[in-house]
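Novice: Can you read through this structure? Questions will come right after.
The values are calculated or read from the model by the stated rules, or taken from the named source; none is laboratory data. Everything quoted here is computed from the prediction, not taken from an experiment. Cβ sites come from the backbone with ideal geometry, for glycine too, and all protein chains shown count toward neighbours. Note: accessible area is taken over every heavy atom of the protein model, side chains too, but ligands, DNA and RNA are not part of it. Shrake-Rupley method; radii C 1.70, N 1.55, O 1.52, S 1.80 Å.
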Amino acid sequence: MKKSLFLLILLLTATMFTGCVANKRKAQNFNVLSIEDIKDKETSITFLVRSGVISTALVDLEAEFEAEYPYIDVKVKALTGGYDDIRSTTLLDINSKNKETADLVIGYPDHFVEYYSAGALVDLQYFIQDKNVGFSKDEMADFLESYLKENRGYDDQYPEDLYGLPFNKSTEVMVYNKTAFKELFGEGWESKVPKTWQEVATLSEEIITKVKAGELDKVFVESVDPETEVTTYLKVSDYLSDPDKKKFIPFGYDSSDNGFITLTRQFGGKYTERVNVEKGYVRFNNTESKAAMAYFKDLNNKGYFGTAANFGASYNSDAFKLIQVLMTVGSSAGVGYNASKKYEYELGVAPIPYYNEDAKYVIQQGTNIGMINLNTDEEKLASWLFLKFLMRPEKTAQFAMATGGYLPVRKSAYETEAYSEYLTNPSDDKINHSAAANVALKDYIEKNYTFFVDDAFVGSAKVRTEAGYIFNSIIVNNEDITKRFDEAYKTLTPFVEKK
């Protein structure tokens, strides 16, 4: 494991932090205070996050911070919905100059560039470099560089300045129904776990044949009569009784956005290109991206591959839990969502399949924390102290373990005793999350996968949303690829480079 972690650090540290940028930079409308300036008064701050595992994991961390800083009151505001809801809420607050706007907010890089464009994102370099409350050069070098890189490149004059710090980072993994694999393939089941998309196609055909033959019809328990003790099983073969209705698809991709972007990369195509933080172009109308869509459109037509839209669901995990899908690509942090309360089965976790040995791309994802510039100097310092607290090696490890498949953001966090134990000897309730972390930290490194993230620019969030629409239109609704790409470029006209 230590060798894998060393390789991960090399992979994610393409450009090491080279020290603090010169102190002289353009003035912002705030001053970096000292702790002495706020310790005799109570300061309250708000941290806007997504409800669920993230807000739950912050409960203990919030209490620990307030015990250390009793003069700072942290209110974690958990918003129901997705990260786009956080983005839209924050932009509304910024545009209306709402005094209740959160001090800290989590979000993707393409969300942060919009806050920056609105003049509301704090340049954290002022705090990082402060001799009293900042980070040392060694501390900054302890962060995984690829995570920091997402938060740079905002100011052309100071491109190394950080406008956010990494928080809940993850990647994608393949989750599969290990119980079904064992039942269908016996002792040799492990050799059936697909490594390539070509293997997915072959395996899916085999799975469909076996499911039609009823080989999963007495595996997943529907109910047990308490009086007669008669067991009723889910008859999985019924899903395939009507060939015109896709109720069973062996393989599903949870995020259509990620599916479009990742598969475009795996086929050698380009997705977007950033000129600067305010400007970027779409680049996906290319031969490689169209070839990727054609390949997976064909797999969908054969009944081998699909998305949540095939089942009228929001997430592919919904179909997985009903045994309508046996393999799915999703976030390493969301592995637990594939566990069913209705049916009992064991989960397996593996790397996502690839198309070409030389293009084994897997997306780097998860959010960062930014500070919104609509508060007082006292609130900014209090926010910074909480942000810095969350970045401590033992705290980022604690958060990662509490949430599941999220990954620590500092190198030394991986070497802490608690996190090492989590990776090698997890508790029963963390086995699946530990497996996902091991895929990210070990398998991807040893099998030469390439982590990637596309540089964000103002409007790239809209491009990403459209990418998901394209994927479902072509893969699920069987639309013409060239026509759909042309329509997308019309929709995204502001991001199409004029020749």
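Novice: In this structure, is SER331 within 26 Å of LYS169 (Cβ to Cβ) and hydroxyl-bearing (Ser, Thr, Tyr)? Walk me through it before giving the result.
Specialist: Numbers: within 26 Å of LYS169 (Cβ to Cβ): yes; hydroxyl-bearing (Ser, Thr, Tyr): yes.
In short, yes.
Novice: Please go through segment 225-237 and give me each residue that is surrounded by 14 or more Cβ atoms within 10 Å (Cβ to Cβ) and either outside any strand (DSSP E or B) or touching a His at 6+ places or on another chain (Cβ under 7 Å) (or both), ordered by number.
Specialist: Within segment 225-237, the subset surrounded by 14 or more Cβ atoms within 10 Å (Cβ to Cβ) is 233-237.
Of everything in segment 225-237, those that are surrounded by 14 or more Cβ atoms within 10 Å (Cβ to Cβ) and either outside any strand (DSSP E or B) or touching a His at 6+ places or on another chain (Cβ under 7 Å) (or both) turn out to be LEU234, LYS235, VAL236, SER237.
Novice: Could you tell me how many of the residues in segment 406-439 are out of contact with any Phe, Trp or Tyr (no Cβ under 9 Å at 6 or more places or on another chain) and part of a helix (DSSP H, G or I)?
Specialist: Final tally of qualifying residues: 17.
Novice: Here's another thing I want to ask about it. Which members of segment 434-481 meet the condition of being under 30 Å from LYS246 (Cα atoms), open to solvent by 20 Å² or more (accessible area, probe 1.4 Å) and in contact with a strand residue (DSSP E or B) (Cβ under 7 Å, 6 or more places away or on another chain)?
Specialist: Once the filter is applied, which keeps residues that are under 30 Å from LYS246 (Cα atoms), open to solvent by 20 Å² or more (accessible area, probe 1.4 Å) and in contact with a strand residue (DSSP E or B) (Cβ under 7 Å, 6 or more places away or on another chain), segment 434-481 yields ASN472, VAL476.
Novice: Considering only residues of segment 313-332 that are open to solvent by less than 10 Å² (accessible area, probe 1.4 Å) and among the polar types (S, T, N, Q), which is nearest to ILE363 (Cα to Cα)?
Specialist: Ranking the candidates gives SER332 first.
Novice: A further question follows. Within segment 212-224, which residues are more than 15 Å from TYR345 (Cα to Cα) and open to solvent by 60 Å² or more (accessible area, probe 1.4 Å)? Reasoning before the result, please.
Specialist: Restricting attention to segment 212-224, the residues satisfying the condition of being more than 15 Å from TYR345 (Cα to Cα) are 212-215, 224.
Within segment 212-224, LYS212, ALA213, GLU215, VAL224 meet the criteria.
Novice: Name the helices (runs of 4 or more DSSP H) wholly inside segment 122-211 in which the number of residues that are of a type in the set (Ser, Thr, Tyr), surrounded by fewer than 22 Cβ atoms within 10 Å (Cβ to Cβ) and in contact (Cβ under 8 Å) with a residue 24 or more places away in the chain is 1 or more.
Specialist: Numbers: elements: 125-128, 137-141, 145-149, 178-185.
The helices (runs of 4 or more DSSP H) meeting that bar are 125-128, 145-149, 178-185.
Novice: Please name all residue pairs, on different chains or six or more residues apart, with Cβ atoms under 7 Å, provided the first residue is in segment 222-239 and is touching a residue at least 40 places away in the same chain (Cβ under 8 Å) and the second residue is small (Gly, Ala, Ser) and open to solvent by 80 Å² or more (accessible area, probe 1.4 Å).
Specialist: Qualifying pairs under 7 Å: none.
Novice: Let me ask something else. Criterion first (of a type in the set (Val, Ile, Thr) and more than 23 Å from GLY336 (Cα to Cα)) does VAL277 satisfy it?
Specialist: On the way: of a type in the set (Val, Ile, Thr): yes; more than 23 Å from GLY336 (Cα to Cα): yes.
Against the criterion (of a type in the set (Val, Ile, Thr) and more than 23 Å from GLY336 (Cα to Cα)), VAL277 qualifies.
Novice: Looking at segment 56-83, which of its residues are of a type in the set (S, T, N, Q) and part of a helix (DSSP H, G or I)? Can you show your working first?
Specialist: Here is the first cut: in segment 56-83, the ones of a type in the set (S, T, N, Q) are 56, 80.
Correct list: THR56 only.
Novice: A further question on this structure: Can you tell me which of GLY82, GLY119 is on the phi > 0 side of the Ramachandran plot and either touching a residue at least 60 places away in the same chain (Cβ under 8 Å) or open to solvent by less than 40 Å² (accessible area, probe 1.4 Å) (or both)? Steps first, please.
Specialist: Numbers: GLY82 fails: on the phi > 0 side of the Ramachandran plot.
Answer to the check: GLY119.
Novice: While we're looking at this one, here's another question. Could you tell me whether any residue of segment 351-367 is in contact with a Gly (Cβ under 9 Å, 6 or more places away or on another chain) and open to solvent by less than 10 Å² (accessible area, probe 1.4 Å)?
Specialist: yes
Novice: Do any strands (runs of 3 or more DSSP E) lying entirely in segment 238-312 carry at least 3 residues that are surrounded by fewer than 22 Cβ atoms within 10 Å (Cβ to Cβ), and which ones are they?
Specialist: Numbers: elements: 251-253, 272-276, 279-282, 305-307.
In segment 238-312, 272-276 are the strands (runs of 3 or more DSSP E) which contain 3 or more residues that are surrounded by fewer than 22 Cβ atoms within 10 Å (Cβ to Cβ).
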